[in-house]
1. Scan the stretch 59-73 and report the pairs whose first residue is surrounded by 11 or more Cβ atoms within 10 Å (Cβ to Cβ) and whose second residue is in a helix (DSSP H, G or I) and of a type outside the set (A, V, I, L, M), with Cβ atoms within less than 8 Å and a gap of 6+ or a chain change.
2. Does the stretch 116-145 hold any residues that are modelled with pLDDT of 90 or more, surrounded by fewer than 18 Cβ atoms within 10 Å (Cβ to Cβ) and more than 17 Å from residue 94 (Cα to Cα), and which are they?
3. Residue 8 is checked against (1) aliphatic (A, V, I, L, M); (2) in contact with a Lys or Arg (Cβ under 7 Å, 6 or more places away or on another chain); (3) in a helix (DSSP H, G or I) and fails just one. What number does that condition carry?
4. Let me confirm something: among 104, 53, which residue is touching a His at 6+ places or on another chain (Cβ under 7 Å) and without any contact (Cβ under 8 Å) to a residue 40 or more places away in the chain?
5. Any residue in the stretch 5-26 that is under 26 Å from residue 163 (Cβ atoms) sitting within a Cβ distance under 6 Å of a residue that is charged (D, E, K, R) and at pLDDT 90 or above? List the pairs, counting only those 6 or more apart or interchain.
6. Return the pair list, or none, for Cβ contacts closer than 9 Å from residues in the stretch 142-167 that are among the basic types (Lys, Arg) to residues that are part of a helix (DSSP H, G or I), at least 6 apart or on different chains.
7. Tell me which residues, restricted to the stretch 122-136, are aliphatic (A, V, I, L, M) and out of contact with any Leu (no Cβ under 9 Å at 6 or more places or on another chain).
8. Tell me yes or no: at least one residue of the stretch 80-95 is among the acidic types (Asp, Glu), more than 22 Å from residue 21 (Cβ to Cβ) and modelled with pLDDT under 90.
Amino acid sequence: MNVRLIPAPIDVSFSLSSLEEELYLREFHQLSDADDDPINQWLKLAKARGETADTDPVVLNLLVELHRKLDNLEALIKNETPSRVMLTHNAHIESIGFEYFNLAQEVLEAGQTYYGRIAMPVHPKRDVPVFFQAESATLAKILKMHERDEKDWNAYLTARERVLIREAKENR
């Protein structure tokens, strides 16, 4: 199998999806587009009503992110932690492709389906829920990812590729 991969330093936590399939599916849907985020719900409603038409989108996004950070600090002070499903494995992703990623360690069983959370280094930083199938002990094929997360994944891949091209040009 010929899969094109780009080096990318990302972390992933995962478990066999058959262990707690209902629980993993529930979390997968909860993490979709940050639906559990009240500020995001407010922003969607404000946009739908046209209340943000005269607002600079960059400033608005930065203010929303600032509000999220304050919410996170408040939760930290109150010792509240978001309830996430426990996952059995943590690994480093060595390289990524549009539908694949490759782990640095051989920890997968070929043919098995897994549920995981990928710590995406995008703005805003977030965990991306994903179902994937092991093609080998290190290579995984993404089976299910939310549309917004897929766009961010592809944008991150493209940005990493640009960085590598720039570095290659500088090294000549």
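The values are calculated or read from the model by the stated rules, or taken from the named source; none is laboratory data. Just so we're clear, the structure is a prediction, and the values are computed from it rather than from any experiment. Cβ coordinates were reconstructed from backbone atoms using ideal geometry, including for glycine residues, and neighbour counts include every protein chain displayed.
1. Partner pairs satisfying both residue conditions: 64/40.
2. Correct list: 143, 144.
3. Among (1) aliphatic (A, V, I, L, M); (2) in contact with a Lys or Arg (Cβ under 7 Å, 6 or more places away or on another chain); (3) in a helix (DSSP H, G or I), the lone unmet condition for residue 8 is (3).
4. On the way: 53 fails: touching a His at 6+ places or on another chain (Cβ under 7 Å).
Residue meeting the stated conditions: 104.
5. 6/160; 6/161; 8/160; 13/117
6. As it stands, the answer is 144/28; 148/32; 148/33; 148/34, since those pairs meet every condition given.
7. We begin by selecting, within the stretch 122-136, every residue aliphatic (A, V, I, L, M); these are 122, 128, 130, 134.
122, the sole residue that qualifies.
8. Step one: list which residues in the stretch 80-95 are among the acidic types (Asp, Glu), which gives 80, 94.
Now narrow it down to the ones that are more than 22 Å from residue 21 (Cβ to Cβ): 80, 94.
Add one more test, that the residue is modelled with pLDDT under 90, and what stays is 80.
So far as the stretch 80-95 goes, yes, one or more of its residues are among the acidic types (Asp, Glu), more than 22 Å from residue 21 (Cβ to Cβ) and modelled with pLDDT under 90.
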